[in-house]
Amino acid sequence: MCRNIRTLHNFEPAATDEEIHAAALQYVRKVSGLPHPSITDEEAFERAVGEIAAATARLLSSLRARTAVRTREGERERARRRGLRRFERQS
């Protein structure tokens with residue numbers, strides 16, 4: 001589950017509310033051990049997602065970058081090259 005949480009800091013354009021919410025949802029799923037909450041737990045589950053998303057947004061807005069700003073396209077290209085190198089070593 002947590003594999004889907006991506007780094008959100010130091011990107012241009014900045015992380016969207018949807019990306020922050022998705023990361024918060026994955027975190028709550030992992031911590032609770034529940035991919036989908038029961039009806040009785042749904043309110044607590046959604047409240048936790050909202051609180052974590054808000055805390056994440058505050059964190060991201062207060063962090064200062066120490067390196068050059070990254071782009072999502074550049075990161076995808078780096079991941080693609082890593083995958084190609086890994087595949088070449090296995091062949």
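The values are calculated or read from the model by the stated rules, or taken from the named source; none is laboratory data. All values derive from a computational prediction rather than experimental measurement. Don't worry about glycine lacking a Cβ; one is built from the backbone with ideal geometry, like all the others, and counts go over all protein chains shown.
Cβ-Cβ distances below 9 Å connect the following pairs, each with a first residue in the stretch 56-83 that is part of a loop (DSSP other than H, G, I, E, B), a second residue that is among the acidic types (Asp, Glu) and at pLDDT below 85, and a separation of six or more residues or different chains: VAL69/GLU12.
Taken over the stretch 1-53, the criterion of being among the β-branched types (Val, Ile, Thr), under 28 Å from VAL69 (Cβ atoms), assigned to a helix (DSSP H, G or I) and out of contact with any Leu (no Cβ under 8 Å at 6 or more places or on another chain) is satisfied by ILE52 alone. Looking across the stretch 18-27, not a single residue is in contact with a Ser or Thr (Cβ under 6 Å, 6 or more places away or on another chain) and either among the acidic types (Asp, Glu) or loosely packed, with under 13 Cβ neighbours inside 10 Å (or both).
Every residue, every condition in (1) more than 19 Å from PHE11 (Cβ to Cβ); (2) surrounded by fewer than 12 Cβ atoms within 10 Å (Cβ to Cβ); (3) touching a strand residue (DSSP E or B) at 6+ places or on another chain (Cβ under 7 Å), yes or no:
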residue	(1), (2), (3)
ARG29	yes, no, no
GLY33	yes, yes, no
PRO37	yes, no, no
PHE45	yes, no, no
ALA48	yes, no, no
GLU51	yes, no, no
ALA55	no, no, no
GLU73	no, yes, no
